[in-house]
Every structure is written in structure tokens, then in C-alpha cells.
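Presented below is the structure to which this report refers.
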Amino acid sequence: MINMKDVVINKIIEIIQKNYHYDDIKIKEIKYGLESIYLTIVKLIVIIILSIFIHAFKELCLFFMGYGLLRSTGFGLHAKKSWECWIFSIIIFLLIPYLIKTLQINNNYLLIGSLLLLPLIIIYAPSDTEKRPLIHKNKRIIYKTITSTITLIYILIIIFMKNIYYSKLLFFSILLETILVLPISYKLLGLKYNNYKRYKKGGTK
């Protein structure tokens with residue numbers, strides 16, 4: 001059976017090898033990166049199609065923006081295995097947009113929930129991974145400041161806009177990012193937490 005992923009990636013690797021004289025280690029790094037990009041694109045297409053099927057495409061797009069902004073500086077855990085990532089991604093990115101669309105809840109509850117999550121964001125974000133440890137202290141401080149500020153802005157929007165639809169969107173964005181940076185989440189998935197602590201000053205182990 002033809003594996004489309006291997007066909008696409010091997011073709012790109014052939015083109016790269018013809019035009020650039022990279023060693024085997026560099027080629028492996030490029031191949032790993034291409035595999036990640038390919039799986040992300042395919043996963044995104046599947047999620048988009050399923051969101052259209054459940055009539056939550058608009059909510060998916062808005063949630064991607066709200067959550068994506070926090071994720072870009074707060075980071076957080078990544079599943080170890082591809083199939084785990086598929087399961088978690090499909091459940092999260094279909095369930096949350098569906099809840100944004102259908103859940104009936106008082107704005108005050110969303111505000112209280114967001115305020116309770118804010119200290120957790122301040123304490124635990126950003127959170128790194130084994131493959132991408134946040135070695136530099138200054139960068140961690142900058143990321144923490146940006147992530148905390150974005151969260152606070154979301155909360156202020158919930159307070160002053162008082163629009164249930166957008167309040168749900170912002171609350172779930174904060175909630176998901178909080179879950180992904182908590183030490184308990186790493187522990188449950190068997191992942192190492194605070195990976196930067198395994199590195200000495202200067203960025204070496």
C-alpha cells in the first residue's frame with residue numbers, strides 16, 4: 001500500500017539533495033521537520049472538514065486565533081506519539097468549537113473561571129518540551145510577560161464586552177492553554193517538565 005506521506009516527503013528530499021550538499025544528519029533533520037509539517041497540514045484539513053460537518057467552522061477559526069495567540073508564547077506540552085496527537089487534536093478542536101457554539105452559560109461564570117486560571121498562567125507559562133527547551137532565562141521572562149498580558153486582555157474583554165459568544169471563545173482559549181502548561185498535565189502523559197533545567201548556562205547539557 002502506497003504511503004502518501006513517504007511519497008511526498010521523499011520527493012521533496014530528492015529535490016533538496018539535488019540542489020544542496022547536506023550531510024546525512026542535516027537531511028534527517030530536514031526530513032523530521034517535513035514529517036511534522038505534513039502531519040500538521042493533514043490533521044488540520046481533517047479537523048476543518050469535520051468542523052464543517054458539525055457546523056462549527058466559524059468557531060474553529062476564531063478559537064484557533066484566540067488560543068493560537070496564547071500558545072505562541074505560552075507554549076505547552078506536545079503528545080509523544082502521532083496517534084495521541086491526532087486523538088487529542090480532533091477531540092479538542094471539535095469539542096471546544098462545538099461548546100462555543102452551543103453551550104449556554106452565564107458571563108459571570110466565564111469571568112470567574114478566567115480569573116481563577118490567570119494565576120496558573122502567570123506561574124506556569126511558558127512551559128517547554130524536551131525537543132524545544134526554553135534555555136534562556138530572559139526569553140522565558142519575556143514569554144511569561146506576553147502570555148500573562150494576553151490573558152489579562154482576554155479577561156478585560158470578557159468584563160467589558162459582556163458578549164457570551166466571545167466570552168466563551170476567550171475562556172476556552174485560556175482554559176486549554178492553562179491545561180497544556182500545568183505540571184500535572186505533563187505527568188499524566190509521562191512527559192518531562194521544565195526541560196530547560198537540564199541545561200547549564202550557555203545552553204549546554
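Every number in this text was worked out from the coordinates using simple rules, so none of it is lab data. Nothing here was measured: the structure is a model prediction, and the numbers come from that model. Here the Cβ is made from the backbone with ideal geometry for all residues, glycine too, and neighbour counts use every protein chain on show.
None of I90, I123, I105 is hydrophobic (A, V, I, L, M, F, W, C) and under 23 Å from Y166 (Cβ atoms) except I105.
Tell me whether the stretch 158-167 contains one or more residues that are under 15 Å from the mean Cα position of the chain (by Cα) and touching a residue at least 24 places away in the same chain (Cβ under 8 Å). No, the stretch 158-167 has no match at all.
The conditions of being of a type in the set (D, E, K, R) and farther than 20 Å from T73 by Cα are met by R198. Quick check on I100: is it touching a residue at least 40 places away in the same chain (Cβ under 8 Å), over 20 Å from K187 (Cβ atoms) and more than 19 Å from the chain's Cα centre (by Cα)? No; evaluated as a whole, the condition is false for this residue.
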